[in-house]
Amino acid sequence: MDQEQLMREAADEKMINDAFQVLLNDYMNSRHRKKTDLITKAFNFAKQAHKGVRRLSGEPYIMHPIAVAKIVCSEIGLGSTSICAALLHDVVEDTEYTVEDIENMFGAKIAQIVDGLTKISGGIFGEQASAQAENFKKLLLTMSEDIRVILIKIADRLHNMRTLESQPANKQYKIAGETLYLYAPLAHRLGLYKIKSELENLSFRFEHPEEYADIESKLEATRLSRHQSFDQFTAPIEEMLKRMGLKYEIRERVKTPYSIWTKMQNKHVTFDEIYDILAVRIIFKPTSRETEAKECFNIYVELSQLYKSHPDRLRDWVNHPKSNGYQALHVTLMSKEGHWIEVQIRSERMDEIAEQGLAAHWKYKEGGEYSEDENELNEWLHTIKEILDDPQPDAMDFLDAIKLNLFSSEIFIFTPKGEIKTMPANCTALDFAFSIHTFLGSHCIGAKVNHKLVPLSHKLQSGDQVEILTSKSQHVSPAWINFVSTAKAKAKIQSILRHDNREVQKAGETLLNEWLKKNGFEPSASLIDQLAEFHDIKHREELYQALGEKTILLGEKDLDKLHGKTKKSESSGWLKYVPFVKAKKKDAPQPELLVVSEKLNRKKPIYITDDNLRQYKFPTCCHPIPGDDVLGYIDNKNQIEIHKRACPVANRLKTSYGNRILDAKWDMHKHVFFDATIHLGGIDRRGIVNEVTRVISNQLSVDIRKLMFTTEDGIFDGAIDLRVHDCEDLKQIMDSLKDVEGLKEISRIM
């Protein structure tokens with residue numbers, strides 16, 4: 001062994017031991033029962049198991065489990081059992097050791113958590129589904145036994161996101177997409193707000209690097225003026241709190257780049273038009289646990305003497321904590337500069353729960369030594385268990401069903417007896433019926449909300465008192481799926497419908513098999529899939545259903561297609577995907593769609609050029625144009641779809657079919673025109689439409705394909721379909737339109 005290698009190994013050894021020592025120090029400073037021997041044993045075992053293995057970044061692999069354990073200890077606040085499980089979480093997956101080995105050395109509890117954290121492949125969703133969907137299902141099943149599995153998994157994902165730089169771009173989009181779709185909402189649901197914000201921000205940074213950098217630079221540029229606003233706003237508050245004799249801390253809370261970007265997208269506004277970037281947090285030491293709620297309101301009363309408060313923006317999470325335990329009093333005050341500023345009032349205990357979520361609850365249990373109690377989210381876990389008992393056959397449906405349960409905005413509903421039930425915002429009377437009991441939901445005919453009769457689809461508001469009305473003759477209708485919003489209601493309705501549909505599907509399948517045999521075909525899965533595709537149906541079960549219900553009748557056209565007698569124009573169905581126009585010679589041959597081979601290097605980006613543009617599919621879900629952040633997705637036919645990275649469809653694909661995601665880049669030279677739509681809104685006046693079209697057509701020489709304007713009570717709303725080369729053209733058009741008097745809103749429609 002040469003001298004250089006020895007020095008490198010010595011440096012690695014020192015780095016590993018130093019990192020572990022930091023972890024131990026953090027643990028020793030916590031309020032947990034001290035079990036340093038067990039943690040050291042787990043560290044030595046993991047270090048030996050991962051010996052010689054390095055991460056893509058080049059550092060020894062053991063640094064990852066140490067980092068995850070540190071997050072578990074310092075940022076989530078868990079104890080020795082969780083720290084040991086975090087140190088050992090990759091041992092079973094990546095080495096020869098088994099769960100039984102872990103159990104023999106560290107006991108059943110740690111082994112059970114490690115088993116829950118161990119990734120698996122394949123599963124009930126089949127090979128085409130992402131392993132992530134199956135992992136998530138196993139994770140939730142294990143979580144039903146021990147909530148710490150999900151907390152450690154979130155810590156694992158956080159460290160992977162912090163070190164995502166070393167991964168190729170297609171992996172970055174997959175991991176960032178999963179994070180935004182699953183892990184950030186989970187962290188939020190468990191009350192880990194700090195971690196949730198970091199996960200969102202990191203995902204945003206890797207998926208939209210330019211927008212992230214732009215918002216970061218604007219935040220930096222406005223930092224000084226924000227500090228001045230904060231100081232001016234809080235100076236009288238500090239004096240007030242001192243007069244009240246409170247021990248306190250006032251913190252400045254700045255909106256994250258991700259939440260700023262989300263607001264810019266949703267509200268169609270620029271960075272400069274967002275006024276709630278700054279918020280203020282008051283954290284005080286209460287006289288006692290019993291008086292802290294009263295003291296929160298005392299502070300609010302005094303604040304409203306200093307500043308005018310917004311009557312509709314008082315949020316009392318003190319007396320009605322969120323289901324993840326979050327407590328605080330949120331008030332919105334008008335500053336002397338004329339901006340609304342949100343103030344969050346919390347006790348030290350409330351602040352710790354807000355930062356560490358579920359784990360912090362354990363610190364406030366009765367008794368001196370707190371144990372890792374898993375009963376805080378029993379109700380939520382019970383709901384998930386019910387969904388898992390009857391999972392959707394499709395991985396994406398399953399993930400969507402789980403995601404529906406990760407609601408962050410909650411309302412409080414009262415039963416006729418005055419009991420409080422926590423429900424997600426936008427839920428309906430039917431959701432509420434299913435949340436109480438499946439029988440109540442499936443036989444629901446309506447409800448009385450605040451003693452007034454309402455339909456099943458009526459959306460509930462916080463504070464409503466709801467009485468469910470039922471009838472034995474009522475049956476579940478397929479239309480119900482369209483207006484329920486909770487995972488439990490959707491899962492139950494689908495389960496009942498599936499049960500009802502089995503007989504119809506059976507009849508449809510028999511009809512289909514008889515028709516195929518009669519026409520000389522041997523029934524097979526591929527033939528049935530072909531027929532389903534001809535009728536724009538995704539799943540065989542839906543085809544059987546349609547045949548059983550006689551909404552589809554098989555005939556000559558189907559036979560011609562199966563025999564391959566389709567006309568050229570019919571077989572070129574992919575053209576419906578192409579939202580662009582290119583000048584070409586009359587007799588130029590139509591390029592074929594690219595079919596991906598096994599040899600394709602998925603780590604390298606694909607380049608979309610003027611020449612190969614028509615080899616890719618451009619679905620109508622998001623209309624990407626050159627300049628948009630895009631990715632490629634290899635579909636079931638091994639052809640490549642191009643999506644915006646922020647497209648909702650792409651978000652689902654990244655989560656469920658991450659191994660099919662490709663990095664895609666534009667290499668266009670303004671030869672091709674793309675369709676784009678902009679939305680306009682503002683104050684109506686005579687001649688404004690003429691002025692808008694003059695700017696677009698005369699000044700900028702851009703073709704308008706479609707123009708639609710409506711006006712009501714002096715306000716107009718419109719949409720214009722344009723032909724542009726890229727985002728640069730679109731930005732120039734939108735910037736030019738800003739000079740038109742009366743235009744208040746200009747945004748691009750996806």
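In this structure, Ser597 qualifies as hydroxyl-bearing (Ser, Thr, Tyr), open to solvent by 60 Å² or more (accessible area, probe 1.4 Å) and either modelled with pLDDT under 90 or on the phi > 0 side of the Ramachandran plot (or both). Scan region 92-108 for residues that are part of a helix (DSSP H, G or I) and surrounded by fewer than 24 Cβ atoms within 10 Å (Cβ to Cβ) and the total you get is 11. Answer yes or no as to whether Val68 is at pLDDT 85 or above and open to solvent by 30 Å² or more (accessible area, probe 1.4 Å). Spelling it out, it is not the case that Val68 is at pLDDT 85 or above and open to solvent by 30 Å² or more (accessible area, probe 1.4 Å). Taken over region 209-234, the criterion of being assigned to a helix (DSSP H, G or I) and open to solvent by less than 50 Å² (accessible area, probe 1.4 Å) is satisfied by Tyr212, Ile215, Leu219, Arg226, Ser229, Phe230, Phe233, Thr234.
Yes/no per residue for (1) among the β-branched types (Val, Ile, Thr); (2) within 14 Å of Asp431 (Cα to Cα); (3) free of Cβ contacts under 8 Å to residues at least 60 places away in the same chain:
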{"residue": "Cys444", "(1), (2), (3)": "no, yes, yes"}
{"residue": "Pro455", "(1), (2), (3)": "no, yes, yes"}
{"residue": "His458", "(1), (2), (3)": "no, yes, yes"}
{"residue": "Thr486", "(1), (2), (3)": "yes, yes, no"}
{"residue": "Ala491", "(1), (2), (3)": "no, yes, no"}
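Working carefully through the options Thr163, Thr179, find the one that is of a type in the set (Val, Ile, Thr), surrounded by fewer than 24 Cβ atoms within 10 Å (Cβ to Cβ) and either out of contact with any strand residue (DSSP E or B) (no Cβ under 9 Å at 6 or more places or on another chain) or farther than 30 Å from Lys604 by Cβ (or both). Going through Thr163, Thr179 in turn, the sole match is Thr163. Taken together, Glu691, Glu745 contain a single residue that is part of a helix (DSSP H, G or I), in contact (Cβ under 8 Å) with a residue 40 or more places away in the chain and of a type outside the set (A, V, I, L, M), which is Glu691.
Just the residues that are free of Cβ contacts under 8 Å to residues at least 60 places away in the same chain and open to solvent by 30 Å² or more (accessible area, probe 1.4 Å), please, taken from region 622-638. Passing the criteria: Lys637, Asn638.
Within region 649-661, being modelled with pLDDT of 85 or more and either assigned to a loop (DSSP other than H, G, I, E, B) or surrounded by fewer than 22 Cβ atoms within 10 Å (Cβ to Cβ) (or both) holds for one residue alone: Val649.
Here is a yes/no grid of residues against (1) under 30 Å from Asp717 (Cβ atoms); (2) modelled with pLDDT under 90; (3) not in a strand (DSSP E or B):
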residue: Lys585; (1), (2), (3): no, yes, yes
residue: Pro591; (1), (2), (3): no, yes, yes
residue: Arg602; (1), (2), (3): no, yes, yes
residue: Asp628; (1), (2), (3): yes, no, yes
residue: Gly681; (1), (2), (3): yes, yes, no
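The values are calculated or read from the model by the stated rules, or taken from the named source; none is laboratory data. All figures in this text were calculated on a predicted structure; none of them were measured in a lab. When we count neighbours, we look across all protein chains shown, and the Cβ atoms used for this are built from the backbone with ideal geometry, even at glycine. We work out accessible area using only protein heavy atoms, side chains counted, and drop any ligands, DNA or RNA first. Shrake-Rupley method; radii C 1.70, N 1.55, O 1.52, S 1.80 Å.
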